[in-house]
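Take a look at the structure set out below.
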Amino acid sequence: MPNNLKPQPRQSIVEMFSSFLQFRESKNVWIPQAKLRRSMEEQLNNHTSPPTTGNFWALYWYKIWDKQPQTIAREHLYAYLQETAYKAAYDRAQKVHPSQRWDKLQEYFQVVFKNQIYERVLKKFDSEYGSDLAAFALPIFKNSINEELRQRNKAASHSDWSLLRHTTDKLLKKALQNHGLSEQDIESYLLLRDCFRKIYHPETPKANKQLSCPELETFQTITQTYNQERLGQLSNSGTKLNLNDIEVRLKEIAQAIRNYYAPVMISLNNPLSQEGVGEIQDIIPSSETESLLENLIREQEELNFNKLWQEINCILEEFLAKKLTSEQKKYFQLYYGVGLTQAEIAEKLLGEIKKQYTISRKMNKTCEQIVKVLVNWANNRKTHNLKSDNIVGNVDILLKEWLQKYYAN
């Protein structure tokens with residue numbers, strides 16, 4: 001296992017937006033992508049004094065992506081967020097035994113590539129704040145890893161028959177799509193699972209994670225029910241299935257669910273998008289990119305984000321110092337500063353994981369109070385640029401970003 005799991009941070013703007021992390025036997029390295037490097041160098045050459053901060057160029061590429069999501073801008077943003085994804089994986093890997101950290105680190109890093117989590121970050125981010133895209137992405141990446149592990153543990157602890165009963169339709173459909181089935185087959189498999197849940201009624205379905213295989217009579221009823229309902233419910237009724245076909249397909253559905261939660265090995269040194277798009281000037285006219293660059297620089301000069309954050313810091317620091325009880329402060333320090341989950345906090349402070357809901361309720365109530373204070377401030381601030389139709393959601397994102405930075409320090 002490598003002595004130092006942290007990769008060397010990328011130093012130049014070109015590297016930040018054109019290289020991807022690759023895991024090797026004893027270390028991890030940054031691998032540049034020629035297409036992205038040329039694109040980034042061209043943008044820097046378009047201006048006599050180009051800005052030298054990652055935040056600026058992240059916002060620049062984000063604005064282009066927001067207009068045309070399929071351009072090379074998306075790949076630049078994916079490259080930029082690699083370090084953030086690694087940090088999320090690194091923090092989570094510290095909770096496992098040192099002998100397992102290297103393998104777990106790679107596994108957790110790959111989790112971020114599943115379920116279009118990068119796309120989720122870009123769609124939720126609001127550039128009108130001028131806030132840090134990387135800081136915004138970090139809690140989303142961390143939550144995605146935690147949720148993946150939670151779901152994976154759930155799948156591992158359930159029998160096939162328990163998985164078939166407890167998996168939601170939405171998740172099951174994703175698992176079947178990931179399994180490579182056609183839409184017609186997915187429709188058939190979803191109907192089969194519905195028939196299974198209607199017919200198979202164990203005594204304690206909610207509490208029992210290790211449900212046993214249904215009896216022969218139950219399989220016969222499931223088979224009969226499916227063959228009847230397929231005629232009226234499927235767009236293509238398909239072929240009639242026998243009892244053996246039904247059992248095989250049910251087990252295949254359960255395996256698809258397990259495979260959905262299993263880590264997928266991918267090439268970590270390649271960009272995520274495979275569309276093979278050309279240089280950005282082939283998609284957006286050069287005059288438009290130059291105009292966007294100039295406008296963005298001018299906007300950054302006009303907006304005093306330091307003053308904005310000074311106001312926010314004063315408001316939040318005063319609230320945390322005067323309004324929070326010692327108990328609430330402890331919860332926030334352990335959650336945002338140390339990185340413990342609410343269940344871990346409950347076990348550490350209350351000695352019982354079941355009390356996690358108590359921690360959750362108290363923290364949520366405190367956050368609601370803070371959000372109200374920030375919403376008040378945003379509504380009264382004449383120069384703010386927050387969207388009035390989603391101000392509570394925007395401020396909630398702003399708050400979580402601030403708490404991550406505040407307690408990290």
Response to the item:
Inside the range 192-211, the number of residues satisfying the requirement of being within 30 Å of the chain's Cα centre (by Cα) and modelled with pLDDT of 90 or more is 2
Worksheet item: Which residue pairs have Cβ atoms under 9 Å apart, sit 6 or more places apart or on different chains, and have a first residue in the range 28-39 that is farther than 18 Å from residue 86 by Cβ and a second that is surrounded by fewer than 16 Cβ atoms within 10 Å (Cβ to Cβ) and of a type in the set (Gly, Ala, Ser)?
Response: 35/278
Practice prompt. Return yes or no: is residue 100 in a loop (DSSP other than H, G, I, E, B) and not acidic (Asp, Glu)?
Written response: no
Practice prompt. Give the number of residues within the range 10-30 that are at pLDDT 90 or above and outside any loop (DSSP other than H, G, I, E, B).
Written response: 7
Worksheet item: Say we look at the range 153-170 and pick out the residues that are aliphatic (A, V, I, L, M) and surrounded by 14 or more Cβ atoms within 10 Å (Cβ to Cβ); which of these is nearest to residue 259 (Cα to Cα)?
Response: 155
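Taking the options 272, 316, name whichever one is under 27 Å from the mean Cα position of the chain (by Cα) and at pLDDT below 60.
272
For the structure I just gave you, tell me whether residue 7 is under 21 Å from residue 126 (Cβ atoms), not hydroxyl-bearing (Ser, Thr, Tyr) and not in a helix (DSSP H, G or I). It would help to see each step written out before you state the result.
Details: under 21 Å from residue 126 (Cβ atoms): no; not hydroxyl-bearing (Ser, Thr, Tyr): yes; not in a helix (DSSP H, G or I): yes.
No, not satisfied.
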Item to complete: From (1) out of contact with any Phe, Trp or Tyr (no Cβ under 8 Å at 6 or more places or on another chain); (2) surrounded by fewer than 16 Cβ atoms within 10 Å (Cβ to Cβ); (3) at pLDDT 75 or above, pick out the condition that doesn't hold for residue 337.
Response: (1)
Practice prompt. Evaluate the following for residue 87: is it over 20 Å from residue 16 (Cα atoms), assigned to a helix (DSSP H, G or I) and assigned by TED's automatic domain parsing to the domain that holds residue 137?
Written response: no
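Residues that are closer than 30 Å to residue 111 by Cβ: find the helices (runs of 4 or more DSSP H) completely inside the range 147-237 holding 1 or more of those.
Counting at least 1 such residues, we get 160-166, 169-178, 183-199.
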Discussion item. Considering only the range 119-126, I want to know if a residue exists there that is within 17 Å of the chain's Cα centre (by Cα) and in a loop (DSSP other than H, G, I, E, B).
Written reply: yes
Practice prompt. For the range 205-259, enumerate the residues that are of a type in the set (Lys, Arg) and under 30 Å from residue 156 (Cβ atoms).
Written response: 206, 209, 249, 251, 258
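Could you check the range 32-84 for helices (runs of 4 or more DSSP H) lying wholly inside it with 2 or more residues that are assigned by TED's automatic domain parsing to the domain that holds residue 112 and surrounded by fewer than 16 Cβ atoms within 10 Å (Cβ to Cβ)?
In the range 32-84, the matching helices (runs of 4 or more DSSP H) lie at 34-45, 54-67.
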Item to complete: Considering each residue of the range 154-165, count those that are within 16 Å of residue 192 (Cβ to Cβ) and either of a type in the set (Gly, Ala, Ser) or at pLDDT below 85 (or both), and give that number.
Response: 0
Fill in: Tally of residues being modelled with pLDDT under 90, more than 35 Å from the chain's Cα centre (by Cα) and surrounded by 13 or more Cβ atoms within 10 Å (Cβ to Cβ) across the range 237-267
2
Worksheet item: If you go through the range 54-84, how many residues are hydroxyl-bearing (Ser, Thr, Tyr) and closer than 20 Å to residue 23 by Cα?
Response: 3
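The values are calculated or read from the model by the stated rules, or taken from the named source; none is laboratory data. Every value quoted in this text rests on a predicted model; they were computed, and no experiment measured them. As a convention, Cβ positions derive from the backbone with ideal geometry for all residues, glycine included, and neighbour counts pool all protein chains shown.
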